[in-house]
Each structure stands twice: as C-alpha cells, then as structure tokens.
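Peer 1: Just passing along the structure, written as structure tokens.
The values are calculated or read from the model by the stated rules, or taken from the named source; none is laboratory data. The structure displayed is predicted, hence computed values, not measured ones. For neighbour counting, all protein chains shown are included, and Cβ atoms are generated from backbone atoms with ideal geometry for every residue, glycine included.
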C-alpha cells in the first residue's frame, strides 16, 4: 500500500513509533502479523533494528487494543484517504477487512506464508501485501486456507523470494463440505478485538455452536463453541497457545481434506518441508492452562522461561510456578505482571494430532 521510503518522501506517512489512537493511525509492518494472528508482535518503544519487536500476550490485551505502529499518516484524514488506492470495484482499498501477508518469503523459517485478517481503515507498508475481497465470506475462508500447511507448502514449492499477486493468485479456493469448519477456525484465530465485531457478526453461522474439538484434552473445552453468540465478545476468539495451535492443526487437516489429499500426504509434507516447525514442536512445552511455559521457537523470544530457568522445573509433577516480567506491549506501560504456570508440563506431537483430527473429521463427515 505505502512504499516505506517513497511515502515518507511524499509526505503521506511519517516515522512515528507509538500506540495509535484509532485504526486510521495503524500502519502494519511484516512482524506485526503471523499465521492467523494479526496481533502477533508490537514494535518496542525504541525500535531501530528489525528485531525490535515483542510478542503480544493475547490473554492480556483489552478489546480495544492496537499494537504500536512504526508509521502514522502525515496528512489530514480526508487528504490521506484520497491518496489510498481504489479496488477494481471502485472502493477505497483500506475501507474493508483485508487479508494481508508478509511479502518476503523465507523458505528456511518455521512458516513461509504468514497472513492474517486486518480491520478496516488500517494501512500497511510495502513489506506487506494485501488482498481485498468483494465477498467477506471468501475473505474469511481464504484466511483459513492460507493458514494451513498445504498452502504454505504450495508457496514454498514456487520458490519465489516474494509473495506477489501472480503466485498468491495461483492458490486454489476449493469449496467443499468443510468450508464452515475452516471459516469458523479462521474467525476464532483472527477476530481478537472489537475491531472485528462487524466481520464476526456478518460471518457468524448458527451451526458454529454445534462444533467440538477434534482432540480430547481438558485444555480444549467444547464450550468454546457452544457458548458462541452472533455478537462479538472478548471471550469469542481463541487466546491461549494450546487452543490456537489446535485450531491450526485442525485447519491443516480440513484443508487437506478439502483439497482431496490423504493423511499420509499431509504428514509427508510436514516431515519433508517443515523441519524448523518440527524442531520447535519438539521443544515447546505447555502448562495445564494451555500457556507456553518454555519454547525454543526463535520467533517467540520472551515467551515462557529461559532455558536456564526451565531445566530445574521441567519434570515437576505438580505445583504452581510464577514468573514476573516487565511488559511494555500495552499503552501506559511498562508494567510488571506475574504469570502463573501450573505443572505438570507436556509437549504436543503434530503428526499424532493430525491422525486424531483426521479420524475425527472422517467419522463426522462419513455420510455427508
């Protein structure tokens, strides 16, 4: 949308790292988002290097939250809006919910295709590429598909350095009996603040309340589905690490089924094409509440205990462990807060979870 350098020279945006007052002031950069997560990181108060971002705790934000932005508009709103490109159907590009993705494709990272839905009136720099949809349900469905391992693999296989409209446009949009389940999980992952209330209301389907998790685990409560209502609330989306991971696992399986793939093909793609993700899965540990208590994931620096702190407690059979941090990801910060982790701690096996979810959905849709 805005070229990071040229738009500053032209006086459209300016470098101004701060929390935006409203959506009009938010200009997304690549690290802001991750797979199915529009509130992944926020720039630090002093943000100079590309790594000067902190992970946002989704269970800690309020319903009005926006991350810090590194750029804000330099023009008055009317003049600024006039500079915004228009869509093919003659609407200002920024006025709708959109699917945005990191433009640079790093084939050696945990994931290559990093995309999320962003609210109306927000902007982004050219390190991010955006996609507008005339049909809002197609937007949500695409967001779910793009969060999956099969679609990530497709982008990896192209081997391009950047996501462009030509290679993104080659991604299929298969319609099947799994559509609603994929859309629901995309909504649960992306609709993290009240800025998504219109999207939630317009895409809400009364059948959503009949869903259940594909895996039995006390950290995965089926009332996450049965308690859903057409009106967005702070409790509507998924906020804890364990349940968000499970939603992505289920999207992987449902997308594979929608594409006509087999379970073995999904597992083969995961084994061969996602070695970094495998290494992170093998050493990411969750507590009884579904929080990550330790991870070797380099993109989650600051989440959970350090290795030195972790080793003495990893085999604890019970008990509550506390960690006090200085959190500067919220307006009015920094603040000290204490995070509780409840033992025992465990890891997940993605391939085993694929098998469990595949059996579950295969049985559910057997006669449909």
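Peer 1: Take the conditions on the phi > 0 side of the Ramachandran plot and exposed (fewer than 13 other Cβ atoms within 10 Å of the Cβ) and apply them to residue 64. Does it pass?
Peer 2: Numbers: on the phi > 0 side of the Ramachandran plot: no; exposed (fewer than 13 other Cβ atoms within 10 Å of the Cβ): yes.
Spelling it out, it is not the case that residue 64 is on the phi > 0 side of the Ramachandran plot and exposed (fewer than 13 other Cβ atoms within 10 Å of the Cβ).
Peer 1: Just wondering, is there one or more residues in region 348-360 that are at pLDDT 95 or above and closer than 30 Å to residue 62 by Cα?
Peer 2: yes
Peer 1: Still on this structure, I have one more. Can you find even one residue in region 20-29 that is part of a loop (DSSP other than H, G, I, E, B), touching a residue at least 60 places away in the same chain (Cβ under 8 Å), surrounded by 21 or more Cβ atoms within 10 Å (Cβ to Cβ) and under 23 Å from the mean Cα position of the chain (by Cα)?
Peer 2: yes
Peer 1: Would you pick out the residues in region 10-19 that are more than 20 Å from residue 78 (Cβ to Cβ) and either assigned to a loop (DSSP other than H, G, I, E, B) or not assigned by TED's automatic domain parsing to the domain that holds residue 96 (or both)?
Peer 2: The initial filter retains those residues of region 10-19 that are more than 20 Å from residue 78 (Cβ to Cβ), namely 15, 17-19.
Of everything in region 10-19, just one residue is more than 20 Å from residue 78 (Cβ to Cβ) and either assigned to a loop (DSSP other than H, G, I, E, B) or not assigned by TED's automatic domain parsing to the domain that holds residue 96 (or both), namely 19.
Peer 1: Here is a further query. Output the helices (runs of 4 or more DSSP H) that fall wholly within region 224-341 and possess 2 or more residues being closer than 30 Å to residue 18 by Cα and within 19 Å of the chain's Cα centre (by Cα), or say none.
Peer 2: Filter on region 224-341 gives 241-258.
Peer 1: Please go through region 38-54 and give me each residue that is buried (at least 22 other Cβ atoms within 10 Å of the Cβ) and touching a residue at least 40 places away in the same chain (Cβ under 8 Å), ordered by number.
Peer 2: Of everything in region 38-54, those that are buried (at least 22 other Cβ atoms within 10 Å of the Cβ) and touching a residue at least 40 places away in the same chain (Cβ under 8 Å) turn out to be 38, 39, 42.
Peer 1: Give the residues of region 185-209 that are without any contact (Cβ under 8 Å) to a residue 40 or more places away in the chain and closer than 16 Å to residue 227 by Cα, sorted by residue number.
Peer 2: 200, 201, 204, 205, 206, 207, 208, 209
Peer 1: Can you report the number of residues in region 317-335 which are under 12 Å from residue 293 (Cα atoms) and surrounded by 13 or more Cβ atoms within 10 Å (Cβ to Cβ)?
Peer 2: 2
Peer 1: How many of the residues making up region 52-92 are closer than 22 Å to residue 13 by Cβ and out of contact with any strand residue (DSSP E or B) (no Cβ under 7 Å at 6 or more places or on another chain)?
Peer 2: 11
Peer 1: Can you give me the number of residues within region 132-162 that are within 17 Å of residue 88 (Cβ to Cβ) and either in contact with a helix residue (DSSP H, G or I) (Cβ under 7 Å, 6 or more places away or on another chain) or outside the structural domain of residue 77 (by TED's automatic domain parsing) (or both)?
Peer 2: Summing the residues that are within 17 Å of residue 88 (Cβ to Cβ) and either in contact with a helix residue (DSSP H, G or I) (Cβ under 7 Å, 6 or more places away or on another chain) or outside the structural domain of residue 77 (by TED's automatic domain parsing) (or both) in region 132-162 gives 3.
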